[in-house]
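The structure appears right after this line, and notes come after that.
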Amino acid sequence: MLILTCPAQLQRLEGALRRSLPLTLPVYGAVMNINRGNPGGLEVVVDAWPEFGAVLARRSGEVPVDDCYRNTSAVFYRDVGAYRALLETPGCLRWDAAFHIIG
């Protein structure tokens, strides 16, 4: 699991996701907003870089336990195994909290 914070990496990811629209739309929108000031306080997690198999956009920082609407994450994956491995990585998602995954 790798959290992308470098603007160059995020712009490269945005370009890669743009080439796969409309399948990548939920994650593409989150990455685009992060690149333009990040008003939603999100972060992007990938399974590997630069050849990613799964991308997860999630809220950064402490997440509320009982608010599944604020704990909404967006996902795109090319490989279901990479997606499963990303979700099973400790710290990727809080499994004791209510959340939604859109993808």
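Residue-wise test of (1) free of Cβ contacts under 8 Å to residues at least 24 places away in the same chain; (2) out of contact with any Phe, Trp or Tyr (no Cβ under 8 Å at 6 or more places or on another chain).
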| site | (1), (2) |
| --- | --- |
| Leu10 | no, yes |
| Glu14 | yes, no |
| Arg19 | yes, yes |
| Pro26 | no, no |
| Val31 | no, yes |
| Arg36 | yes, yes |
| Val45 | no, yes |
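Criterion first (touching a strand residue (DSSP E or B) at 6+ places or on another chain (Cβ under 9 Å) and surrounded by fewer than 14 Cβ atoms within 10 Å (Cβ to Cβ)) does Thr24 satisfy it? Give the derivation first.
On the way: touching a strand residue (DSSP E or B) at 6+ places or on another chain (Cβ under 9 Å): yes; surrounded by fewer than 14 Cβ atoms within 10 Å (Cβ to Cβ): no.
No, not satisfied.
What number of residues in the stretch 80-96 are over 23 Å from Thr5 (Cβ atoms) and either at pLDDT below 90 or in contact with a helix residue (DSSP H, G or I) (Cβ under 9 Å, 6 or more places away or on another chain) (or both)? So that I can check it myself, show each step before the final result.
As a first pass, look at the stretch 80-96 and keep what is over 23 Å from Thr5 (Cβ atoms): 80-81, 84, 95-96.
With either at pLDDT below 90 or in contact with a helix residue (DSSP H, G or I) (Cβ under 9 Å, 6 or more places away or on another chain) (or both) added as a condition, the list becomes 95-96.
Total satisfying the criteria: 2.
Right, Arg36: open to solvent by 60 Å² or more (accessible area, probe 1.4 Å) and at pLDDT 90 or above or not? Give the steps one after another, and end with the answer.
On the way: open to solvent by 60 Å² or more (accessible area, probe 1.4 Å): yes; at pLDDT 90 or above: yes.
Here the answer is yes, as Arg36 does meet what is asked.
Kindly indicate whether Arg94 is open to solvent by 50 Å² or more (accessible area, probe 1.4 Å), of a type in the set (D, E, K, R) and under 12 Å from the mean Cα position of the chain (by Cα). Steps first, please.
Working: open to solvent by 50 Å² or more (accessible area, probe 1.4 Å): yes; of a type in the set (D, E, K, R): yes; under 12 Å from the mean Cα position of the chain (by Cα): no.
Taking the combined requirement at face value, the residue does not satisfy it.
For the stretch 68-82, how many residues are open to solvent by less than 40 Å² (accessible area, probe 1.4 Å), more than 15 Å from Trp49 (Cβ to Cβ) and not in a strand (DSSP E or B)? Spell out the reasoning first.
As a first pass, look at the stretch 68-82 and keep what is open to solvent by less than 40 Å² (accessible area, probe 1.4 Å): 68, 71, 73-76, 81-82.
Those left that are additionally more than 15 Å from Trp49 (Cβ to Cβ): 68, 71, 73-75, 81.
Then keep just the ones that are not in a strand (DSSP E or B); that gives 68, 71, 81.
Count: 3.
The values are calculated or read from the model by the stated rules, or taken from the named source; none is laboratory data. Note that the coordinates shown come from a computational prediction; the quantities given were computed from them, not determined experimentally. Note that each Cβ is placed from the backbone with ideal geometry, even for glycine, and that neighbours are counted across all protein chains shown. Accessible surface is based on the protein model in full, side chains and every heavy atom, while ligands, DNA and RNA are left aside. Shrake-Rupley method; radii C 1.70, N 1.55, O 1.52, S 1.80 Å.
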